[in-house]
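**Q** Pasting in a structure now, in structure tokens, and then I'll have a few things to ask.
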Amino acid sequence: MVTDRRLDSRSLAAHRRTRKLRRNLRGIGLHAILIVLLIAMLYPVIWMVLSSLRPEDEIFGGLGLIPKSWTIENYVKGWQLSGNPTFAAFFINSFIISALAVVGNLISCSMAGYAFARLHFPFKWLWFALMLGTIMLPIHAQMIPQYIFFLKIGWVNTILPLVVPKFLATDAFYIFLMVQFMRSLPAELEQAAVLDGASYWQRYWRIILPLTMPALVTTAVFTFIHTYNDFLGQLIYLTDVKSMTVPVALRLFLDPSGGQSSVGGLFAMVVLSIAPVLGFFLASQRLLTKGIATQGFK
Amino acid sequence: MKLTDLNGAAARRIAVAAALLITTALPALADSLGPVEGEITFSWFGGQSRADKTHRIIELFKADNPGVSVVEQNSDWDPYWQKLTLQASANNIPCTVMMQNRWLATFADPNILLPLDDYVASGAIDVKGIPESAMNSSRGADGHLYQIPSSVFFNGVIFNRTWLEKAGLKVPPSNWTWDDMTNLLEQMKGKVPEGAVAAHNMAMENDMFVSWVQSHGDKVFDNGKVAFSKATLAQWFEYWEKLRKDGVTDTPDVMVEENGSLIETSDIANGRTFMTARPPNRLDSHQKVIDAVRPGEQLAVLPAPAGPAGGGWDVGSNGIAIGAHCPANLIPASIAWLNFFTQDSRAAKIYESDLGPVTVDRLQEEQISSPDTSRGQKDQILMFRQIAPQAKPILWPANSSGLLAQALSRNYQAVAFGQVSVDEAVDQVFADLSSIGN
């Protein structure tokens, strides 16, 4: 019996070791596959980053990663672009517009979202449906009437057409996002505040807004990325070279009409232009994930 | 009373009076435009290198005209036309804009662009030395002049001269034919470096197709509608299908990738093909890339081949137009800028026929004789002079250039990938082009 027990415990231990080994091997295999996929996906980005550090005439010489010679000339030339203005001005223009758009959307969309989620007013569902309907309106159908309107009031070639609408809750997607989040908050919290005599504004500002932080961060991140990367709006409303933004200026490195392109300068400035978006995303990653996960947008 | 009813002395007096009127009154009209001052906007297409050149020219202009300031608007090709279309819809076209005759029909309307005929007649706008053909290609369907051409472009091919000479073959003459092209490419097939092909499949290339049509005696457009026959288009597709099946051209997938590629990534500039369709004004830009990738190799240009009806070259023009809603007080400054860009020697020297040979004959001479002018620029000017007398400029209806390019591209791809027959593709091209002129 003792021998049998020893045998049993040995075979059990061996069985456990085998299972552990299999589990480890499976883990290693899965990780190996993921690492290969990651390298395959990141290769073009890594190639672009390293190509920005090689002489322009070497860039299309091959697909190898490591440059034969290293240079920061692409960054110097790219930053200068046409000399006056430099890319510093384009970055500043982009940051100003993106920052104002973020502030505008946070204020206006959260207020509109609170109204739709918690207040009662006539034809609320009709207004809500109309608001959602604007998401389905193609941008090309709105472009010419909007342009003519902004031209008539003298806003073309200013940042106002790109910024002011954000303060008027025109991004229906973010309002919807806020509404969904605010509806998930316990109504008892607000009811308690009502008993304490809190006004609408106090309930919105002191109770709802702090609890809506994940949705606010989601709105801020997406608004920043969307505005920072917007090409068409900034192309048509900011016409002077001096008021150009990063996405519009990046297009000037390439010349499909037959002129000389500057791919090295383009790669260098693309690397720099990715940094703010990446930084903003990484800084708010935790809240962003929470914000998305709690609103059914999985 | 008719002029023929007058006696000789009276007729002479009227003729002298008329000559006096032309030589004194019209320049007076030009002078009466008003002072050259104010802030004008100039909008142009092009990348960084053209922006640098344009900026230098603007600085020179401002130095010559201290009362004028110029706001610079610059976009690359596609966004430029998107923006201009939107500006036109809102009557907000800048005072001076770069225009091209292939897009002119879309904008040639007195409510969008200012008709320039009166200013040319008065001498306010200087068109001295600009060929009549280029001026004619700058007119709208209503006959009015809407742009002043500053450069011209024509259809051609770029080829690797070094590979040709290594193969023991000679550069064809500029009046070579489509059959010569076939023979040359067949001979080059086995003599290009490993991994390269003799030619890019040019069946989808707009410029080469219109050369084929006109060199076979057809018109591309007539009265604003498609005028070439289905048979001519079918022959075009079959011409390239034969070369593709013989292994002379690139494969369909490479053809799609290569079509319209940037110079820096193109097969011709990277030594992966012997010949491709490219306007000759791009020779220098291609040479610069191949100098780095395959040092010592030399590229060269030829016009598009001729056919039974001779050369089929379409000569297009780039120019400057004035927005119809430019304020009257800014018209003198706009005209001064237009004259400076098209006629000033210093401006032409800076721009270097970058968009095609400069139109003014005097400036062409200066660029040919200047030691500073590159080989590519000289070659394209000399080639333009050879083909210009036989050129057949096309009056492109509104949106026709883009539609034709799309129709050829989509339908020939279907043929090359074996999805449809040539006849089916031809029918589909005509269906796709049916909206032109409607």
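**Q** Within 10 Å, count the other beta carbons around each residue, average over each peptide in B:248-258, B:351-361, A:150-160, and list them highest first.
**A** The peptides rank, most packed first, as B:351-361, B:248-258, A:150-160.
**Q** Skipping prolines and chain starts, which residues have an amide H placed within reach, meaning under 5 Å, of the one on B:S150, given they are 5 or more residues away or on another chain?
**A** Amide H neighbours of B:S150, under 5 Å, 5+ apart: B:N318, B:G319, B:I320.
**Q** Other chains near B:418-426: what is the mean number of their Cβ atoms within 10 Å of each residue's Cβ?
**A** 0
**Q** Then there is this: What lysines does B:K53 reach when the alpha-carbon gap must be under 29 Å and sequence neighbours fewer than 8 apart in one chain are set aside?
**A** A:K77, A:K242, B:K62, B:K83, B:K128, B:K288, B:K349, B:K378
**Q** Of the listed peptides B:365-374, B:427-436, A:72-81, B:80-89, what is their order by residue-averaged count of other C-beta atoms within 10 Å, with the highest listed first?
**A** In descending order of packing, they fall as B:80-89, A:72-81, B:427-436, B:365-374.
**Q** Which far-off residues, 5 or more places away or on another chain, put their amide H under 5 Å from the one on B:S69, with H placed in the peptide plane?
**A** Hits under the 5 Å cutoff: B:G38, B:E39, B:I40.
**Q** Moving on. Would you mind telling me which residue in B:W240, B:W77, B:W44 has the biggest mean-square fluctuation in a Gaussian network model of chain B, where springs connect alpha carbons within a distance under 10 angstrom?
**A** B:W77
**Q** Going by average Cβ neighbours within 10 Å, how do the peptides A:179-192, B:128-141 rank, with the highest at the top?
**A** Going by the mean number of other Cβ atoms within 10 Å, highest first, we get B:128-141, A:179-192.
**Q** To the nearest Å, what is the center-to-center distance of segment A:205-262 and segment B:119-180, using C-alpha atoms only?
**A** 40 Å
**Q** Could you give the dipole magnitude of segment A:2-73 about its Cα centre, charging the beta-carbon of Lys and Arg +1 and that of Asp and Glu -1, in debye to the nearest 20?
**A** 1240 debye
**Q** I would also like to ask the following. Name the long-range amide H neighbours of B:V157: under 5 Å, sequence gap of 5 or more, or other chain; modelled H, no Pro or chain starts.
**A** The list, which skips near neighbours in sequence, is B:R278, B:L302, B:A304.
**Q** Counting only C-alpha contacts under 8 Å and six or more residues apart, can you give the relative contact order of segment B:314-438 as a whole percent?
**A** 23 percent
**Q** Restricting to DSSP H runs of at least four residues, report the calculated mean residue ellipticity at 222 nm for the protein assembly as shown, -39500 (n - 2.57) per run over all residues, nearest 500 deg cm²/dmol.
**A** -17000 deg cm²/dmol
**Q** Let me know the charge dipole size of segment B:295-438 about its Cα centre in debye, to the nearest 20, where only the beta-carbon of Lys, Arg (+1) and Asp, Glu (-1) is charged.
**A** Dipole size: approximately 300 debye.
**Q** Under the definition of Cα pairs under 8 Å and six or more residues apart, what whole-number percent is the relative contact order of chain B?
**A** Normalised by residue count, the contact order of chain B is 25 percent.
**Q** State, as an integer percentage, the relative contact order of segment A:76-293 based on alpha-carbon contacts under 8 Å between residues 6 or more apart.
**A** It rounds to 33 percent for segment A:76-293.
**Q** What lysines does B:K189 reach when the alpha-carbon gap must be under 24 Å and sequence neighbours fewer than 8 apart in one chain are set aside?
**A** Partners found: B:K166, B:K170, B:K242, B:K245.
**Q** Moving to a separate point now. Counting only other residues whose beta carbon sits under 10 Å from that of B:S69, what net charge do I get with K and R as +1, D and E as -1?
**A** Numbers: positive: B:K62; negative: B:E37, B:E39.
Residues close to B:S69 contribute a combined charge of -1.
**Q** Mind checking the mean number of beta-carbon atoms from other chains within 10 Å of the Cβ atoms in A:187-199? Can you show the working numbers first?
**A** Details: counts 0, 0, 0, 0, 0, 0, 0, 0, 0, 0, 0, 0, 0.
Partner-chain Cβ atoms within 10 Å, mean over residues of A:187-199: 0.
**Q** Okay, next question. Across peptide B:77-90, what mean number of C-beta atoms from other chains lies inside 10 Å of a residue's C-beta?
**A** 4
None of the figures in this text is laboratory data; all of them are computed from the coordinates on show. Since this is a predicted model, take the numbers as computed values, not measurements. FYI the Cβ positions are ideal-geometry reconstructions off the backbone, even for glycines, and counts take in every protein chain you see.
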